[in-house]
Amino acid sequence: MSCPHQAADGVPLIHAVPDDVQADRERLYRAGPVTRVELPGGVRAWATTHHEASKATLNDPRFRKSVDHWADYQEGRVPEGWPLLGTIPTDNTNMLALDGAAHRRLRQLTAGPFSARRVERLRPRIERITRLALDALEPRASETLDLKSEFTFRVPMAVIGELYGVSEAEYENLGEMYAKLFSGTTEEGEHLRIYGTLFQYFGELVARKRATLDEHDDFTADLIRASEDGDGLDDMEIILTLLTVVAAGHETTVNLLTNVVRALLAHPEQLERLRRGEVTWEAVVEETLRYDPPNNLMMFRFATEDVEIGGRIIEKGEALLTHYGAASRDRAEFGEDPEVFDPDREKGRHISFGYGPHICPGAPLSRLEAGIILPMLFERFPDLGLAVPDEELEVASALSVNSLKEFPVVLRP
């Protein structure tokens with residue numbers, strides 16, 4: 001049964017699991033550049049669906065991240081137990097909920113641990129983790145297996161484990177909790193329960209690391225040691241930063257890896273060009289971030305005054321989301337063929353990791369992982385192919401994240 005496209009009054013609906021993700025992005029792009037939308041659960045907001053409108057609002061200080069500015073939430077019009085509430089920070093100590101000086105302070109204090117130089121130190125460990133994961137697939141290389149659960153999920157989770165200095169036995173449980181946290185189909189109330197469990201887990205991790213700090217050289221220890229002009233992070237800020245980075249460094253990377261492999265298998269001519277050295281892995285990754293972004297949209301920012309954008313008035317207190325998927329179809333930015341997967345594309349620059357003050361801090365890690373893991377995968381299994389037609393692949397969620405349920409492949413047909 002196909003999903004309806006509009007509410008009874010004509011407002012475009014955003015589905016957690018649309019019938020066709022690319023067609024849904026095109027539908028929302030054509031509704032833009034700024035349009036009123038209705039989310040699952042009946043919550044309404046504005047959405048930017050074109051590139052320039054998205055950039056402008058992401059960098060506009062009149063829009064704030066704190067739910068203190070969200071009229072529907074403050075006045076009780078958001079349903080109790082709304083499934084997506086767990087994806088929106090509701091406290092003012094989370095970096096994702098801060099703006100201005102408070103946000104700049106946290107970004108400065110975490111700049112060292114987040115830096116490309118610190119992330120680059122993980123290269124040998126990422127290579128080792130990837131090699132071990134590929135070795136583990138060898139006995140079943142001629143059988144159908146789920147590349148997502150067996151590889152593109154496991155490797156980034158192991159990298160996060162290495163980064164944080166957590167037990168390998170905890171990787172899978174952590175990854176599964178984050179997958180549910182960012183799903184648009186998780187049961188009512190489950191998001192908040194998962195968030196509480198994660199908060200407790202990271203609180204215990206920070207306490208253990210702080211008690212034996214001299215014994216650790218990892219991201220968690222870096223955050224504990226971080227200071228700037230005598231200022232440091234308190235435990236609450238560290239815990240919330242850890243929560244944020246897993247989301248950026250794991251779920252985003254899982255979907256990026258999956259989407260790159262899918263795009264290459266669906267476009268064998270580009271895969272052959274890649275093998276001949278006519279196009280680089282970097283170009284393939286960046287075009288995939290544009291063509292099939294791992295994060296479909298970002299919720300929310302809230303207007304602190306009436307703002308005119310794209311010919312529409314977003315009133316004070318109203319919520320605004322950025323629809324990266326729809327913006328990836330913008331002809332003005334990317335040319336008249338946005339539906340084409342073209343690693344040689346010279347026109348346009350995607351914003352799939354965000355833009356402005358809240359640009360994703362996990363982007364260097366995600367790009368590093370993709371640049372290591374994908375070449376190793378295709379070098380080990382050059383004949384890797386889908387086990388089912390591409391049109392039979394099922395979407396798990398295309399709301400905040402853009403995720404497949406499974407990715408059945410045969411590594412060595």
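By its C-alpha gyration tensor, with a ≥ b ≥ c as the square roots of the eigenvalues, how is the chain shaped: rounded for a/c under 1.5, else prolate for a/b larger than b/c, else oblate? Here the chain falls in the oblate category. Using a cutoff of 8 angstrom between alpha carbon atoms and counting only pairs six or more residues apart, the relative contact order for the chain works out to 26 percent. Here the dipole of the chain is about 680 debye; that uses its Cα centre as origin and unit charges on the Cβ of Lys and Arg (positive) and Asp and Glu (negative).
Think of each Lys and Arg Cβ as +1 and each Asp and Glu Cβ as -1; about the Cα centre, that makes the dipole of segment 212-371 roughly 800 debye. Total lysine pairs in the chain at Cα distances under 29 Å, for residues eight or more apart or on different chains: 10.
In the context of the full set of protein chains, segment 37-180 has a per residue accessible area of 44 Å² (1.4 Å probe).
When peptides 62-69, 139-146 are ranked by their average number of other Cβ atoms within 10 Å per residue, the highest-first order is 62-69, 139-146. Normalising the average separation of contacting C-alpha pairs (under 8 angstrom, six or more residues apart) by the number of residues puts the relative contact order of segment 225-363 at 23 percent.
Taking amide H as placed 1.01 Å from N in the peptide plane, the amide H of LEU404 sits under 5 Å from that of ALA396, each at least 5 places away or on another chain. Counting only protein heavy atoms, what percent of the accessible surface of segment 238-394 is carbon or sulfur at a 1.4 Å probe? Of the solvent-accessible surface of segment 238-394, carbon and sulfur hold 46 percent. Charge dipole of segment 102-176 (Cα centre as origin; +1 on each Lys and Arg Cβ, -1 on each Asp and Glu Cβ, all else neutral): 820 debye, rounded to the nearest 20. Which percent of the accessible area of segment 39-122 is formed by carbon and sulfur heavy atoms (probe 1.4 angstrom)? That share works out to 50 percent. Rolling a 1.4 Å probe over the protein heavy atoms gives segment 235-365 an accessible area of 35 Å² per residue. On the basis of the beta-carbon distance and an R0 of 51 Å, ASN92 and ARG412 show a calculated FRET efficiency of 0.45.
To the nearest 500 deg cm²/dmol, what mean residue ellipticity at 222 nm is calculated for the chain from DSSP H runs of n ≥ 4 alone, each contributing -39,500 (n - 2.57), summed and divided by the residues? For the chain, the value works out to -13000 deg cm²/dmol.
The values are calculated or read from the model by the stated rules, or taken from the named source; none is laboratory data. None of these values were measured; they are calculated from a predicted model. Please note: Cβ atoms are built from the backbone with ideal geometry, for glycine as well, and neighbour counts cover all protein chains shown. With ligands, DNA and RNA removed, areas are computed over all heavy atoms of the protein, side chains included. Shrake-Rupley method; radii C 1.70, N 1.55, O 1.52, S 1.80 Å.
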